[in-house]
1. For a quick check: with amide H placed at 1.01 Å from N, whose amide H comes under 5 Å from K115's, ignoring anything fewer than 5 positions away on the same chain?
2. List, in order, the whole-Hz ³J(HN,Hα) value for each residue of the stretch 114-130 obtained from phi through the Karplus relation with A = 6.51, B = -1.76, C = 1.60 and θ = phi - 60°; use x for Gly and Pro.
3. So what are the ³J(HN,Hα) numbers for the stretch 47-55, from phi and the Karplus equation (6.51, -1.76, 1.60; θ = phi - 60°), rounded to whole Hz, Gly and Pro as x?
4. Can you compute the charge dipole magnitude of the stretch 10-156 about its Cα centre, using +1 on each Lys and Arg Cβ and -1 on each Asp and Glu Cβ, nothing else charged? Give it in debye, rounded to the nearest 20.
5. How large is ³J(HN,Hα), in whole Hz, for each residue of the stretch 66-82 in order, when computed from phi with the Karplus curve 6.51 cos²θ - 1.76 cosθ + 1.60 and θ = phi - 60°, using x for Gly and Pro?
6. Hey, could you grab the Kirkwood Rh for the stretch 38-160? Inverse mean 1/r over distinct alpha carbon pairs, Å, one decimal.
7. Please list, in chain and number order, the residues 5+ apart from L157 or on another chain whose amide H is under 5 Å from its amide H, with Hs placed from the backbone.
8. Quick check on packing: order 27-35, 121-129 by the mean number of other C-beta atoms within 10 Å, highest mean leading.
Amino acid sequence: MNGYRYQYGLDRIPEVFHEFRFRGGALPLNLIETVHEWEGICLDRIDGPESWDGWLRRAGLPVPANPIGTELLDRMRELRLAIYLIARSAIDGKQVADAPLERLNLSATGTPAAKALARGADGLVEVRTTEADHASLLAELAREAISILSLPEARRLRECSDPACPTIFIDRSQAGRKLWCSVQCGARTATRNYRRRRAGIGSVGAP
């Protein structure tokens, strides 16, 4: 994700990588998963207003009536990169640079849509009492990112132990020792290690 200049070239990238993934355990982490590097090509799954709306739907967020403009789309990408860089620093145990901190904090100063607690069919549910627009949604994502990137939640940030999966996720298991972002990644790593052992090669992606 560094450099943040993308070659879209979707015809060169398997379609399985075009789909939105939601393995991070929190919306800000799911947002950074919309970027995927594959054989030197960086695929941005949010390449315009239509795909941004598609991600909002999949994330369970309201889709504003007006499409997102170029300026706000750029701000979303800047926010996404800031979240990634801060999460990466937390996982690596390194001090985060000033620029991503400033970008995240600036994004969080926007006004998110007002919310209230209301009665639903199965119990109390959260509802928005003001109409959400793209700017308010970015502010909402930024504020949630601050919650998971600050202590003590930041200690639960992990990178998937599958070498083929760069997903950053939040480990909410009681033991706090989750290795993989999904069952599929765990199974894939186990299969890979089995084959490596059969071939007399050491295991990877597992203790």
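What follows is calculated from the coordinates using simple rules that are stated; it is not laboratory data. Here the structure is a predicted model, which is why all the values come from computation and not from measurement. Cβ coordinates were reconstructed from backbone atoms using ideal geometry, including for glycine residues, and neighbour counts include every protein chain displayed.
1. T129
2. 5, 10, 8, 9, 9, 7, x, 4, 10, x, 6, 10, 8, 10, 8, 9, 10
3. With coefficients 6.51, -1.76 and 1.60, one gets 9, x, x, 5, 6, 4, 4, x, 5 Hz.
4. Dipole about the Cα centre, nearest 20: 540 debye.
5. For the stretch 66-82, the Karplus curve yields 8, x, 5, x, 4, 5, 5, 5, 5, 5, 4, 5, 5, 5, 4, 5, 4 Hz.
6. Mean inverse Cα-Cα distance, inverted, gives 16.1 Å.
7. Here the answer is D171, since their amide H atoms fall under 5 Å of that of L157.
8. Peptide ranking by packing, descending: 27-35, 121-129.
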